[in-house]
Structures are given as C-alpha cells and as structure tokens.
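Novice: Next up is a structure, given as structure tokens.
The values are calculated or read from the model by the stated rules, or taken from the named source; none is laboratory data. Remember, it's a predicted structure, so these values are computed and weren't measured experimentally. All Cβ positions, even for glycine, are placed from backbone atoms using ideal geometry, and neighbour counts span all protein chains on display.
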Amino acid sequence: MVSFLSSQEVSKIGFASVGANVLISRKASFYGAEQMHIGNNVRIDDYCILSGSVVLGSNIHISAYSALYGAMGIIFKDNAGCSARTTIYSAMDDFSGDFLIGPMHPKHKTNISGGPVVIEEFVQLGAHCLVFPNLTIHTGAVIGALSLVRKDVEAWTINVGIPAKKIKTRSKNLLKLINE
C-alpha cells in the first residue's frame, strides 16, 4: 500500500480548494474539510488532525502527530511548517470553573474564546510546540521544541521556552535560497 493518498483520493476528501503536488498520509484525519484550503507542494504526515477553518499556503509541511484546531481559523502562509507533535488552538474553553468544558455541552453553558492563528512565511515550529489562539507568529520567526506560544512573536527571531521568549535574531539568508 502507498503511504500517501492519490490525487483522486485527495479530491474526494472535499477540501474547499487543493493545489498540485499535495501529499496527504492515509493516516491523517480531517474534520470540516469543506472549510480547508491547501496550496501547492504541501505534505501532511501520519496521525495529523486538521479541524475547522485551516488554510495552508504553498511549500508547507505538517509533521506527524500534529493537530491544527481551527474553530476560529488557522492560516499557514507559504514556506512554513510545524515539526512533530505540535498543537495549534484557535479557540479555548474557559477553565475558571464558571462554565462547563468541552464540545458535548450546550453552547450557553460554555465560554469559548479565541481568534485566528496566523503563521507567516518562513516560520517553523519545533517539535512538541503548543500555540494558543488569537496571535501571529511573524515572518521568519522560529519556535524551539517544547515551547508555549501565548502572544504574537516578532519577525526573524528565535524563541524558546514556557512561555516562548526571544533569545536572538534569525538569519535571513534563506531568502536568497528561495529566490535561486
């Protein structure tokens, strides 16, 4: 058996749009595919979960066991990606104890908040990163493994930790490589 779906199988998933050279593992799961847009040269590996409003630009890699929960929108711009076991939330429950938690409760008994998560061009998220809702990781930023992103991240920086903090600036040499 081939590990990736054929282009005909990809078209049957029901994405809003899908580009060329898209490799999707047979073991990936999609919920609300009609809200998802996938560009060219995209690879989605084993055991990934994509749910809700997710837009993947071109030249994107979503590595194994990653989860993109796009209830309020997740956008990956071109040339970005996430390493294994990264989780991105665009919405979160209220854990204060004033509301019930989870999708099986009536909406009037829960308190969901959040907003879009935007991953700009040339951003890479390291393995086991956790990204909270309503933020932008700006162009060229990288997030180190095992980091928690709770707020916007400055462009062309290297960030690590819980919560993620800038440790230094990142080289822009890759811009020359992309244009060769």
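Novice: Restricting attention to segment 1-22, which residues are surrounded by 15 or more Cβ atoms within 10 Å (Cβ to Cβ) and farther than 28 Å from Gly114 by Cβ?
Specialist: Phe4, Leu5, Val10
Novice: I'd like to check something: does segment 51-63 contain any residue that is surrounded by fewer than 17 Cβ atoms within 10 Å (Cβ to Cβ), at pLDDT 95 or above and in a loop (DSSP other than H, G, I, E, B)?
Specialist: no
Novice: Quick check: is even one residue across segment 119-136 surrounded by 15 or more Cβ atoms within 10 Å (Cβ to Cβ), free of Cβ contacts under 8 Å to residues at least 24 places away in the same chain and under 18 Å from Ile60 (Cα atoms)?
Specialist: Scanning segment 119-136 turns up at least one residue that is surrounded by 15 or more Cβ atoms within 10 Å (Cβ to Cβ), free of Cβ contacts under 8 Å to residues at least 24 places away in the same chain and under 18 Å from Ile60 (Cα atoms).
Novice: Under the condition of being assigned to a helix (DSSP H, G or I), closer than 20 Å to Ala71 by Cβ and not small (Gly, Ala, Ser), which residue from segment 1-50 is farthest from the chain's Cα centre (by Cα)?
Specialist: Among those residues, the one meeting the criterion is Ile13.
Novice: I need the full set of residues from segment 34-57 which are touching a strand residue (DSSP E or B) at 6+ places or on another chain (Cβ under 7 Å) and closer than 17 Å to Ser3 by Cβ, in order please.
Specialist: Val42, Arg43, Ile44, Asp45, Asp46, Cys48
Novice: How many residues does segment 87-134 hold that are on the phi < 0 side of the Ramachandran plot, hydrophobic (A, V, I, L, M, F, W, C) and assigned to a loop (DSSP other than H, G, I, E, B)?
Specialist: 10
Novice: Looking at (1) over 14 Å from the mean Cα position of the chain (by Cα); (2) in contact (Cβ under 8 Å) with a residue 12 or more places away in the chain, which one does Asn173 not meet, given that it meets all the others?
Specialist: (2)
Novice: Another question about this same structure. Is it true that some residue in segment 104-113 is under 17 Å from the mean Cα position of the chain (by Cα) and within 24 Å of Leu125 (Cβ to Cβ)?
Specialist: No, segment 104-113 contains no residue that is under 17 Å from the mean Cα position of the chain (by Cα) and within 24 Å of Leu125 (Cβ to Cβ).
Novice: Working carefully through the options Ser66, Ser29, Ser25, find the one that is among the hydroxyl-bearing types (Ser, Thr, Tyr), closer than 23 Å to His128 by Cα, in contact with a Cys (Cβ under 8 Å, 6 or more places away or on another chain) and crowded, with 20+ Cβ neighbours inside 10 Å.
Specialist: After ruling out the rest, the residue left standing is Ser66.
Novice: Turning to a different aspect of this structure: Taking interchain pairs and intrachain pairs at least six residues apart, which have beta carbon atoms under 8 angstrom, with the first residue in segment 1-18 and over 13 Å from Arg43 (Cα atoms) and free of Cβ contacts under 8 Å to residues at least 60 places away in the same chain and the second part of a loop (DSSP other than H, G, I, E, B) and among the charged types (D, E, K, R)?
Specialist: Close Cβ pairs (under 8 Å, with a partner that is part of a loop (DSSP other than H, G, I, E, B) and among the charged types (D, E, K, R)) amount to Met1/Arg26; Val2/Arg26.
Yes or no, residue by residue, for (1) closer than 21 Å to Lys77 by Cβ; (2) surrounded by 15 or more Cβ atoms within 10 Å (Cβ to Cβ); (3) not basic (Lys, Arg):
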residue: Val153; (1), (2), (3): yes, yes, yes
residue: Gly161; (1), (2), (3): no, no, yes
residue: Ile167; (1), (2), (3): no, no, yes
residue: Asn173; (1), (2), (3): yes, no, yes
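Novice: When segment 140-171 is examined, which residues are found to be in a strand (DSSP E or B) and more than 16 Å from Thr86 (Cβ to Cβ)?
Specialist: Listed by number, the residues that qualify are Thr157, Ile158, Lys165, Lys166, Ile167, Lys168, Thr169.
Novice: Suppose we keep only residues that are surrounded by 18 or more Cβ atoms within 10 Å (Cβ to Cβ) and aliphatic (A, V, I, L, M) within segment 137-151. Which one would you say is farthest from Ala67 (Cα to Cα)?
Specialist: Once the filter is applied, the top-ranked residue is Ala141.
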